[in-house]
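Colleague: Take this structure, written in structure tokens, and hold onto it; I'll ask about it next.
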Amino acid sequence: VGKFEFPVGDERGHFTFDMQLARQVRDVFRTEETFYVPPAANMETAAKTFRFLGEFPEDVARRGNPDARGVLVNQVRTFDPKRLHDLLDDAVTGLVVVFAALEPEDAKFLQKHGGLGFQLDLAPAASAGGEGYHYIAPSPHFARLPSGVVAGEVYADLLPAWSLSRLPNAQVSAGFAQLVPSSGQWVFRGDIQSVPHGKGKLVFHQYRMWDKLGTSALADALFSNLADQIREPL
């Protein structure tokens, strides 16, 4: 068993090791493994970009700023409807409101009480294989992170359980593509998308990263990229 020190900040690295398959076998096999190391994220700076509403890791949420331009909302279904209405009114004046990983009950609540002019339809999309695949568009959300078309193994732990319908006038940064057998047509949904809301924006971020902040280097890197965009308006 070897001990490896991964160089934080490098996008990719590799190491080699020898493997003996049995005690009585002298043949030694050498293999090379490739790993991904996300860039280090300054969580103190990133957290101060947001006001946290709902359930988030305590050691991250306590660093938030009650006067921040960015508002992170988790489990919106637990909110008082008036609280949601006031929040969306504030967004019209310039706030960026980020809804974290909506589930069906969240979408129903937001649809009923949010006064939105579009439908929030969710579809199951927990896996990148089988019935469809998650994809990444060129976007600051993935700055300094692996990009391309398919969001594969690197993002496996964070990929959405639910993908949201693509919204009118939305900027889609990541999504889910699914072939509908009955029609033979591809349907495209949004995993990360933003829409204008008065002078502000609403961001729907379906990646399952919010309970992993502070413990997952990749979640922290995505969170830091989001914070960068709030400071430099989306």
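The values are calculated or read from the model by the stated rules, or taken from the named source; none is laboratory data. Quick caveat, the model's predicted, so the values are computed rather than measured. With ideal geometry, Cβ positions are generated from the backbone for all residues, glycine too; neighbour counts draw on all protein chains shown. Only protein heavy atoms, including side chains, enter the accessible area calculation; ligands, DNA and RNA are left aside. Shrake-Rupley method; radii C 1.70, N 1.55, O 1.52, S 1.80 Å.
Colleague: Between D80 and S147, what length in nm is gained on full extension when 0.36 nm per residue of separation is reduced by their alpha carbon distance? Please list the in-between numbers first.
Modeller: Values: separation 67, 0.36 × 67 = 24.12 nm, distance 3.83 nm.
Taking 0.36 nm per residue and subtracting the Cα distance, the gain is 20.3 nm.
Colleague: I would also like to ask the following. Calculate one ³J(HN,Hα) per residue across segment 169-176 by plugging θ = phi - 60° into the Karplus curve 6.51 cos²θ - 1.76 cosθ + 1.60, and present them in order as whole Hz with x for glycine and proline.
Modeller: With coefficients 6.51, -1.76 and 1.60, one gets 6, 7, 9, 9, 9, 7, x, 10 Hz.
Colleague: So, one more: Express the relative contact order of segment 150-205 as a whole percentage, based on alpha carbon pairs under 8 Å and six or more residues apart in sequence. The partial results should precede the final answer.
Modeller: Values: 79 pairs, mean separation 16.7, N = 56.
With pairs under 8 Å counted, the relative contact order is 30 percent.
Colleague: A further question on this structure: Mind giving me the FRET efficiency for V92 and T45? R0 is 22 Å, r the Cβ-Cβ distance, nearest 0.05 is fine. Can you show the working numbers first?
Modeller: Details: r = 27 Å, r/R0 = 1.24.
Computed FRET efficiency for V92 and T45 comes out at 0.20.
Colleague: Considering only protein heavy atoms, with the full assembly of protein chains and a 1.4 angstrom probe, order D191, D220, D121 by accessible area, largest first.
Modeller: Working: D191 0, D220 20, D121 85 Å².
From most exposed to least exposed: D121, D220, D191.
Colleague: Same structure, new question: Express in Å², to the nearest 10, the accessible area of S182 obtained by rolling a 1.4 Å probe over the protein heavy atoms while all chains stay in place.
Modeller: The accessible area of S182 comes to roughly 110 Å².
Colleague: Okay, next question. Please compute the contact order of segment 165-234 in relative form: average sequence separation of alpha-carbon pairs under 8 Å and at least six residues apart, divided by the residue count, as a percent.
Modeller: Working: 82 pairs, mean separation 15.3, N = 70.
After rounding, I find 22 percent.
Colleague: Let me ask another. Enumerate the calculated ³J(HN,Hα) couplings along segment 50-58 in order (Karplus 6.51 cos²θ - 1.76 cosθ + 1.60, θ = phi - 60°), each rounded to whole Hz, writing x wherever the residue is Gly or Pro.
Modeller: So the Karplus estimates, Gly and Pro as x, are 10, 9, 9, 10, x, 8, 9, x, 4 Hz.
Colleague: Sticking with this structure for a sec: Roll a 1.4 Å probe over the protein chains and send me the accessible area per residue for segment 140-234 in Å².
Modeller: Numbers: 4090 Å² over 95 residues.
Counting only protein heavy atoms, the per-residue value for segment 140-234 is 43 Å².
Colleague: Given a 1.4 angstrom probe, I'd like the percentage of the accessible area of segment 87-178 that is carbon and sulfur, rounded to a whole number.
Modeller: Details: 2110 of 4110 Å².
The C+S portion of the solvent-accessible surface of segment 87-178 is 51 percent.
Colleague: Turning to a different aspect of this structure: Tell me the relative contact order for segment 50-140 as a rounded percent, counting alpha carbon contacts under 8 Å between residues six or more apart.
Modeller: Numbers: 92 pairs, mean separation 21.2, N = 91.
Normalised by residue count, the contact order of segment 50-140 is 23 percent.
Colleague: Using a Förster distance of 45 Å, how high is the FRET efficiency between V180 and D67, based on the Cβ-Cβ distance and rounded to 0.05? Before the final figure, lay out the partial values.
Modeller: Numbers: r = 46 Å, r/R0 = 1.02.
The formula returns an efficiency of 0.50 here.
Colleague: May I ask you to evaluate 6.51 cos²θ - 1.76 cosθ + 1.60, the Karplus curve with θ = phi - 60°, for each residue of segment 60-65 and list the ³J(HN,Hα) values in order in whole Hz, giving x for glycine and proline?
Modeller: Karplus-based 3J(HN,Hα) across segment 60-65 equals 8, 4, 5, 8, x, 10 Hz.
Colleague: Sticking with this structure for a sec: Using alpha carbon coordinates only, what is the Rg to Rh ratio of segment 107-234, with Rh defined as the Kirkwood radius? Intermediate results must be reported in sequence, preceding the final value.
Modeller: Numbers: Rg = 14.7 Å, Rh = 15.3 Å.
With Rg and the Kirkwood Rh in hand, the quotient comes to 0.96.
Colleague: Mind ordering 197-203, 85-91, 69-75 by average Cβ neighbours within 10 Å, highest first?
Modeller: On the way: 197-203: 19.9, 85-91: 15.6, 69-75: 21.6.
Descending mean neighbour count gives 69-75, 197-203, 85-91.
Colleague: Let me ask you something else. Would you mind calculating the gained length between R231 and Y36 on full extension (0.36 nm times residue separation, minus the Cα-Cα distance), in nm to one decimal? Don't skip to the answer; put the middle values down first.
Modeller: On the way: separation 195, 0.36 × 195 = 70.20 nm, distance 2.70 nm.
Separation in residues times 0.36 nm, less the Cα-Cα distance, equals 67.5 nm.
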